[in-house]
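One structure below.
What follows draws every value from the coordinates through simple rules; no lab data is involved. Keep in mind that what you see is a predicted model, and the values were worked out from it rather than measured. All Cβ positions, glycine included, derive from the backbone under ideal geometry; neighbour counts span all protein chains shown.
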Amino acid sequence: MSFFDKLKEGASKAADKAKDTVEITRLGTQISSKRKEIEKCFNQMGEAVFEAYVAKDLSSAEAEIERCSNNVIVLQQEIAVLEHRIKVVKNEKDCTCGNVVPLDSKFCPKCGHQFEIKEEAEPEALEAPVKPCPSCGAEMDSSDKFCGSCGASAQ
């Protein structure tokens, strides 16, 4: 292999690593944003409970708690998909013992767990998760900004 071929190969590997790093950073930023949205939902639930407590009618907070809880579940599913994508980019998978191993490993080097030989699929949330409309309760995709049934804002 000539010097220039080696140089070319090294540059190609560096470019691939840089591309992977950018993708991992982008996915990490999306995860961080979704975690902030979850925190916001928890704060909204807390405020709703407190306001209901002050009004001496805790049942009045149920609708807000249900709406926020459904949003948190959808966001957690989306985070799981993003975390899986990071593992794929890093060429890694998790063992049942908690160890992270290369994606093509047949056995875990720590516990000896045998992995099934198949391509790993992303978590169940590949399809757009469904959430209820906050106004009419109709099913909406998590990416919808407005309800298709009543036109209400999803937020």
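Cβ under 13 Å from Lys19's Cβ, Lys19 left aside: what net charge do those residues give with Lys, Arg +1 and Asp, Glu -1?
Taking every Cβ under 13 Å from that of Lys19, the sum is +1.
What is the packing order of peptides 13-25, 45-57, taking the mean over residues of other C-beta atoms within 10 Å and listing the highest first?
45-57, 13-25
How large is Rg over Rh for the range 3-90, taking Rg from the Cα atoms and Rh as the Kirkwood inverse mean of 1/r across Cα pairs?
1.37
Quick check: net charge around Asn99, other residues with Cβ under 12 Å of its Cβ, Lys/Arg +1 and Asp/Glu -1?
0
How far apart, in nm, are two points set 7 Å out from the Cα along the Cα-to-Cβ line at Ile73 and at Ile117?
That separation, rounded to one decimal, is 3.9 nm.
Filter the cross-link list Lys19/Lys110; Lys90/Lys145; Lys40/Lys90; Lys36/Lys145; Lys34/Lys87; Lys8/Lys93 down to pairs whose alpha-carbon distance in this structure exceeds 21 Å.
Checking Cα-Cα distances, Lys19/Lys110; Lys90/Lys145; Lys40/Lys90; Lys8/Lys93 exceed 21 Å.
Subtracting the Cα-Cα distance from 0.36 nm times the residue separation, let me have the gained length for Val89 to Val130 in nm, one decimal.
In short, 12.1 nm is gained.
Excluding Cys133 itself, what net charge comes from residues whose Cβ is under 13 Å from its Cβ, given Lys and Arg +1 and Asp and Glu -1?
-1
Roughly how big is the chain's charge dipole about its Cα centre, with Cβ charges of +1 (Lys, Arg) and -1 (Asp, Glu), in debye to the nearest 20?
760
I'd like the distance between the alpha-carbon centres of the range 80-98 and the range 33-55, rounded to an integer number of Å.
Cα centres, the range 80-98 to the range 33-55: 30 Å.
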